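Some notes on the structure that comes next.
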Amino acid sequence: TTPTPPAVGAPVALGAAIVAATKAAAAEQVGIARLGAALQANITGFDGNTTAIERTIRSREKLAFSDDSLRNSLALLVPATHDVSKALELQAIAMDLSRLRGTDLAETSVLLSKVYQGNLTSLKRFGINLKGVTTATEALAKIQELAAGQAEAYGNTIVGKSEAIEIKLQDLTE
């Protein structure tokens, strides 16, 4: 085969990069809109200001979770809690449990939203058996105890740090 001349290859590569950046920006916009809609629908008196939430999301990216996955997680937790602070608290537990179990943050967030609402049988289906636990508060405290520090431990590994850097680089294209 004949190699592609640089004069042709460079514009093609640039075009591909622009398309990828446009798709990433579109996905980012969808995630922001989804979280905004969840907040608007579930938080009484929500004024549309997400500055503090976005600041928390940025800080949690250091633990190798993308801003898209963190927004999606919150969009799943807010309808269960109707409280941003509680949703962020549950998200921190979900992040630890997700790293402990090697599961997707969205899946873990759905599980914790069910537990928060009192559905403890969902834990057994997820492979978590908390004998003697009868309330959502007890279950969440036990999960937090079992998984504590997992997200940070992962974020401090070479793999976690590499993923966090990759996430930051992806953010630049959004």
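The values are calculated or read from the model by the stated rules, or taken from the named source; none is laboratory data. Owing to the predicted nature of the structure, the values given are computational and were not obtained by experimental measurement. Methodologically, a virtual Cβ is constructed for each residue, glycine included, from the backbone with ideal geometry; neighbour enumeration extends over all protein chains shown. Calculation scope for accessible area: heavy atoms of the full protein, side chains included, ligands and nucleic acids excluded. Shrake-Rupley method; radii C 1.70, N 1.55, O 1.52, S 1.80 Å.
Here are some notes:
- Rounded to the nearest whole Hz, the Karplus-based 3J(HN,Hα) values (6.51 cos²θ - 1.76 cosθ + 1.60, θ = phi - 60°) of segment 51-56 follow the sequence 4, 5, 5, 5, 5, 5, with x at glycine and proline.
- P(r) tail fraction, the chain - alpha-carbon pairs more than 27 Å apart, %: 36
- Ordering of 70-81, 154-165 by burial proxy (mean other Cβ atoms within 10 Å per residue, highest first): 70-81, 154-165
- In the full protein context, the chain carries 56 Å² of accessible surface per residue, based on a 1.4 Å probe and ignoring ligands, DNA and RNA.
- Nearest-20 debye value, the chain charge dipole, Cβ charges on Lys, Arg, Asp, Glu: 420
- Helix 6-42 and the longest principal axis of the C-alpha atoms of the chain enclose an angle of approximately 20°.
- Rounded tilt (10° steps) of 84-101 against the dominant C-alpha axis of the chain: 80
- Share of carbon and sulfur in the accessible heavy-atom surface of the chain [1.4 Å probe, %]: 59
- Compared with the direct C-alpha span, the chain from I32 to T103 gains 23.3 nm at full extension, assuming 0.36 nm per residue.
- Taking amide H as placed 1.01 Å from N in the peptide plane, D83 has no amide H partner under 5 Å among residues 5 or more places away or on another chain.
- Proximal lysines relative to K86, as straight alpha-carbon distance under 18 Å, when same-chain residues fewer than 8 apart are discounted: K114, K142
- Think of the chain as a dipole: +1 on every Lys or Arg Cβ, -1 on every Asp or Glu Cβ, centred on the Cα centre; then among H82, S122, A26, S122 lies furthest on the positive end.
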